[in-house]
Amino acid sequence: MSFEDEWASVRSASAAGVSMRLNQVAPEPGGGGGSADLSVDQDKLGAIGSAAYALHGRLVKDGNHARTNTTEAATGMSTNGFLTGSAMSTVQETWSSQLNTLLDACANISNHLDYSAASHAKEEEDIRAAMAASKIDEYFK
C-alpha cells in the first residue's frame with residue numbers, strides 16, 4: 001500500500017468518527033434538558049454577590065495605591081523635560097479609567113444579584129400564596 005493510499009484511508013476513517021464538539025463544560029444533570037423547573041440557589045447567588053462586594057472593597061482600597069506616587073513622578077519628569085512623564089501620566093489616566101469601569105462592574109454584579117435574590121424570593125412567596133388561595137377556593141365550591 002502506498003503512502004497516499006494509507007493516508008487517504010486514515011483520513012477517511014478519522015473523518016467518519018468526527019462529530020461537532022463545543023468548547024464548553026458538559027451540562028449539569030437536570031439543567032435545561034428534561035426538566036422545566038426554574039431553580040435559583042440563594043446560597044450561590046449570595047456567595048457570588050459577596051465575592052463581588054469584597055472585590056469592590058479591595059479595589060477601592062488597593063486600586064489607587066500608587067496614584068499619588070505615579071502622579072508626582074509624572075509631574076516631576078514632565079517638568080524636567082522628560083517625555084516619559086507624559087507617558088506615565090497617560091498610563092495613570094488609563095489605569096484610573098479601567099479601575100472605575102471594573103468598580104462599576106463589581107457594584108452592578110453585587111446589586112443585581114441582591115435584586116435577583118429578593119425578586120425571586122418575592123415571586124416564590126406570591127406563587128405560594130396563589131396556590132394556597134386556589135386550594136381554599138376548591139373547598140368553597
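The values are calculated or read from the model by the stated rules, or taken from the named source; none is laboratory data. The model shown is predicted, which means the values in this text are computed figures rather than measured ones. Cβ coordinates were reconstructed from backbone atoms using ideal geometry, including for glycine residues, and neighbour counts include every protein chain displayed. To get the accessible areas, we keep the full protein, side chains included, count just its heavy atoms, and leave off ligands, DNA and RNA. Shrake-Rupley method; radii C 1.70, N 1.55, O 1.52, S 1.80 Å.
A few notes on this one:
- Protein-only accessible surface order, largest first, of M131, M88, M1 at 1.4 Å: M1, M131, M88
- For segment 49-137, with +1 on Lys and Arg beta carbons and -1 on Asp and Glu, the positive-most of L99, I109, A133 along the dipole: L99
- Rounded to the nearest 20, the size of the Cβ-charge dipole of segment 66-139 about its Cα centre is 420 debye, with Lys and Arg at +1 and Asp and Glu at -1.
- S50 - accessible surface, heavy atoms, 1.4 Å probe, Å² rounded to 10: 70 Å²
- Area of H65 that stays accessible when all protein chains are in place (1.4 Å probe, Å², to 10): 150 Å²
- Placing a label point 7 Å from the Cα of Q98 along the Cα-to-Cβ direction, the residues of segment 45-71 whose backbone N falls under 15 Å from that point are 63-67.
- Per-residue ³J(HN,Hα) for segment 92-100, Karplus 6.51 cos²θ - 1.76 cosθ + 1.60, θ = phi - 60°, Hz, x for Gly and Pro: 5, 5, 5, 4, 4, 5, 5, 4, 5
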